[in-house]
Amino acid sequence: MRFQISFIVAAVCVAAAHPAFADTTVTVTTNNVECKVSPPDEVPAPATPSAAAGTAAERNHNYALARANFRALAESGNPEGERLYGVLLMQKCTGIQDKDAAAAWLAKAVDGGDAVAQVDLGDAYMNGDGVAQDDNKAFALLSKAAAAGLPGAQVSVGYLYFTGRGVPADPYQGMVWTVKAAEQGMPAALFNISNGYFKGRALPRDLDKAAYFMEAAMQRSTPVQRARFADNINSVSRAVSANDLLRAAGRARRWSPGPDSLSDVLDDARRAQAKAAKN
């Protein structure tokens, strides 16, 4: 079973396959692309380092200033700073990537009680970034964060259940956690529900619902996020008519995330589970 989630990236152009992309070409490079980026010059630590200042600098690609803020916070023992510094060091194309150091800082943040760091460190274990790849450790970390309500962790836990990594494969539980994230408006989770309906995996095959959840995901996602799911978008778009897509888009605009807002998806997942048990 193959379900795409947020960390799967493909190099794609998806302008022509869907009406929403009529005026846009989205290109995303894969994680395998080698970045030739010179290390940024050192910047003195600010007198009063802050997460907000570092985040703003990172958003503006000023990685030297971001490092100065995050490192000062991290070295002071601030768990949020440890996480932010670890995440910064994990990134490519910054000139300062150091996955081993990144994982070490993320581990410190987890030890300091930062729940979000559990997601980042869990993903590191899942992908073998800065640590030995270990699905069991990934599941342990991500399941704690998922239980705390973090949607990124919930999507990853759903993926682990779908694929049987770190936990026995259980498509129904995979959909349970995917729905929890989708009910918070997480685009990757909505795309995965669409994929489930389209392929008839963990859910009954239903093209109308596949189109509906695809549109719900697209309306809440960035171009980069949509590009990650280009295969799903293109497949669904080719399988239904333009009028059906427009109707699905209209229905999706009227949906609002919230607890139990997708209980019907879980009903479908239970029916699919029961059907699979009979076969």
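In percent, what relative contact order does the chain have, based on Cα pairs under 8 Å that are 6 or more apart in sequence? So the answer I get is 15 percent. Couplings 3J(HN,Hα) of segment 173-182, computed from phi: 5, x, 6, 4, 6, 5, 5, 4, 6, 5 Hz, in residue order, whole Hz [Karplus 6.51 cos²θ - 1.76 cosθ + 1.60, θ = phi - 60°; x for Gly and Pro].
Full extension of the segment from residue 61 to residue 274, taken as 0.36 nm per residue of separation minus the current Cα-Cα distance, would add 71.7 nm.
Summed over qualifying helices (DSSP H, 4 residues or more, each -39500 (n - 2.57)) and divided by its residue number, the chain shows a 222 nm mean residue ellipticity of -18500 deg cm²/dmol.
Using r as the Cβ-Cβ distance of residue 199 and residue 75, and R0 as 51 Å, what FRET efficiency do you calculate, to the nearest 0.05? E(calc), rounded to 0.05, equals 0.60.
Rounded to the nearest 0.05, what FRET efficiency do residue 246 and residue 206 have when you use their Cβ-Cβ distance and R0 = 22 Å? Before the final figure, lay out each step's value.
On the way: r = 18 Å, r/R0 = 0.82.
About 0.75, to the nearest 0.05.
With N set to the residue count of segment 77-211, report its C-alpha Rg divided by 2.2 N^0.38 Å to two decimal places. Could the numbers behind the result be given before it?
Details: Rg = 15.9 Å, N = 135, 2.2 N^0.38 = 14.2 Å.
The value comes to 1.12.
For residue 219, put the label point 7 Å out on the Cα→Cβ axis and report which residues of segment 249-270 keep their amide N under 18 Å from it. Under 18 Å, as judged by backbone N against the label point of residue 219, lie 249-265 of segment 249-270.
Across segment 65-138, C-alpha contacts under 8 Å between residues 6 or more apart give a mean separation that, scaled by the residue count, equals a relative contact order of 23 percent.
Between the helical axis of 187-199 and the longest alpha-carbon principal axis of the chain there is an angle of about 30 degrees.
Computed 3J(HN,Hα) for segment 133-150, one whole-Hz value per residue from the Karplus formula 6.51 cos²θ - 1.76 cosθ + 1.60 where θ = phi - 60°, is 4, 8, 5, 5, 5, 4, 5, 4, 5, 5, 5, 5, 5, 5, 5, 7, x, 7, glycine and proline marked x.
What's the long-distance tail for the chain, i.e. % of Cα pairs beyond 22 Å?
Values: 23615 of 38781 pairs.
Roughly 61 percent, rounded to a whole number.
Relative to a virtual label point 7 Å from the Cα of residue 134 in the Cα→beta-carbon direction, which members of segment 160-184 show backbone nitrogen distances below 16 Å? Label zone hits: 166-167.
Placing a pseudo-label 7 Å from each Cα along the Cα-to-Cβ vector at residue 263 and residue 239 gives an inter-label distance of 2.7 nm.
For segment 121-279, the calculated P(r), taken from all Cα-Cα distances in 5 Å bins from zero up to the bin holding the longest distance, is 2, 10, 18, 21, 20, 15, 9, 4, 1, 0 percent. Taking the longest Cα principal axis of the chain as reference, the axis of helix 230-239 is set at about 10 degrees. Against the chain, whose longest principal axis comes from its Cα atoms, helix 79-90 is set at around 80 degrees.
None of the figures in this text is laboratory data; all of them are computed from the coordinates on show. Keep in mind that this is a model prediction, so the values were computed, not measured. Here Cβ is always computed from backbone atoms with ideal geometry, including for glycine, and neighbour counts include all displayed protein chains.
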